[in-house]
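The values are calculated or read from the model by the stated rules, or taken from the named source; none is laboratory data. Given the structure is predicted, the values throughout are model-derived calculations rather than measurements. Ideal geometry is used to build each Cβ from the backbone, glycine not excepted, and the neighbour counts take in all protein chains shown. Surface areas here come from the heavy atoms of the whole protein model, side chains and all, with no ligands, DNA or RNA. Shrake-Rupley method; radii C 1.70, N 1.55, O 1.52, S 1.80 Å.
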Amino acid sequence: MTVKKEPALDEVLLRPLVEAALTEDLGRRGDVTSQATIPADMQAQLQIKARQAGVICGMDLARLSFALVDAQIEFMAQVHDGQNVAAGAVLATVRGNARHLLTAERTALNFMTHLSGIATDTRQIVDSIAAFPAQITCTRKTIPGLRIVQKYAVRCGGGRNHRLGLDDAILIKDNHIAIAGDIKTAIQQAQDFAGHLIPVEVEVDTLEQLEQALDAGVSLVLLDNMTPEVLSKAVAMCQGRAKTEASGGITPATVQAVAQTGVDFIAMGYLTHSSTALDIGLDFSA
């Protein structure tokens, strides 16, 4: 599939993440191994290489990792986020003080391997359901502190973002309904609160709950933990009344069966909590 290049995240959003990661790694004494084994003024050139084919994400985070250790390091990117690369591809060349290059290495690679893994798995899943109209979305099941970049990686892979946080949409879930008393009451209270700018979605896990939600006038329903057979019935009930989103333990092995039911969106926590890191390394070149 052809995926448009995702606009890069602003550096002001990325810098705190990189600073925290470097602070964690440097500890109280800094990189004692590089200090012990490499002369202070030695220069070196290394290449960031993909050891597996995949979709790259995290280039700006890698660049910042080196820049915050040593502003004199040259970072020469050769690919961009969202780009498919073959195994062995050179992603960037870095040149500068050898100690500082090695100090920043693990932080840069940690971001790149994790986010490229998310982007790669997302692209593969999106491609696997290309014959169906459903769109893949991520969830709030993210690593604390890394949500903004994990969700960016999903976009780089061709997926879409569900809520970024609790404040950008109302999603009425089972516990909200239980505490509010019933679906109708929860929806009415949410609609009164939301006004015209906050979207309202309600989670249901039975067709009976779905009918109640539709009768209450919701325009988006989250169909949770339904079998493909029940999902198909739910989609038919929602035609012309509401958009549908399937969720609940959906994996690469089950996503096609879900897409075949005709749902509009498929929410997958898998993308951010279970994607496999892409193997990327930093190799000495000169």
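Considering only residues in segment 198-226 that are surrounded by fewer than 18 Cβ atoms within 10 Å (Cβ to Cβ) and under 25 Å from the mean Cα position of the chain (by Cα), the one that is farthest from Leu171 (Cα to Cα) turns out to be Asn225. Within segment 227-244, if we keep just the residues that are out of contact with any strand residue (DSSP E or B) (no Cβ under 7 Å at 6 or more places or on another chain) and among the hydrophobic types (A, V, I, L, M, F, W, C), the residue that is surrounded by the fewest Cβ atoms within 10 Å (Cβ to Cβ) turns out to be Ala236.
Residues satisfying the criterion are absent from segment 117-126 (criterion: in contact (Cβ under 8 Å) with a residue 24 or more places away in the chain, open to solvent by 50 Å² or more (accessible area, probe 1.4 Å) and closer than 26 Å to Thr23 by Cβ). Go through the residues of segment 60-73 one by one and say whether even a single one is free of Cβ contacts under 8 Å to residues at least 40 places away in the same chain, touching a Gly at 6+ places or on another chain (Cβ under 9 Å) and open to solvent by 70 Å² or more (accessible area, probe 1.4 Å). Within segment 60-73, one or more residues are free of Cβ contacts under 8 Å to residues at least 40 places away in the same chain, touching a Gly at 6+ places or on another chain (Cβ under 9 Å) and open to solvent by 70 Å² or more (accessible area, probe 1.4 Å).
Taking Val18 as the residue in question, decide whether it is within 22 Å of Glu74 (Cα to Cα), among the hydrophobic types (A, V, I, L, M, F, W, C), part of a helix (DSSP H, G or I) and open to solvent by 30 Å² or more (accessible area, probe 1.4 Å). Against the criterion (within 22 Å of Glu74 (Cα to Cα), among the hydrophobic types (A, V, I, L, M, F, W, C), part of a helix (DSSP H, G or I) and open to solvent by 30 Å² or more (accessible area, probe 1.4 Å)), Val18 does not qualify. Count of segment 1-42 residues, restricted to those that are of a type in the set (Lys, Arg) and under 25 Å from Thr120 (Cα atoms), is 3. When each of Thr33, Thr37, Thr93 is tested for being within 29 Å of the chain's Cα centre (by Cα), over 14 Å from Gly117 (Cβ atoms) and among the hydroxyl-bearing types (Ser, Thr, Tyr), the lone residue that passes is Thr93. Considering segment 74-177, the qualifying strands (runs of 3 or more DSSP E), each wholly inside and each with 2 or more residues that are farther than 19 Å from Ala267 by Cβ, run over 74-77, 90-97. Considering segment 96-113, the residues that are open to solvent by less than 50 Å² (accessible area, probe 1.4 Å) and more than 13 Å from Ile48 (Cα to Cα) include one that is nearest to the chain's Cα centre (by Cα), namely Thr103.
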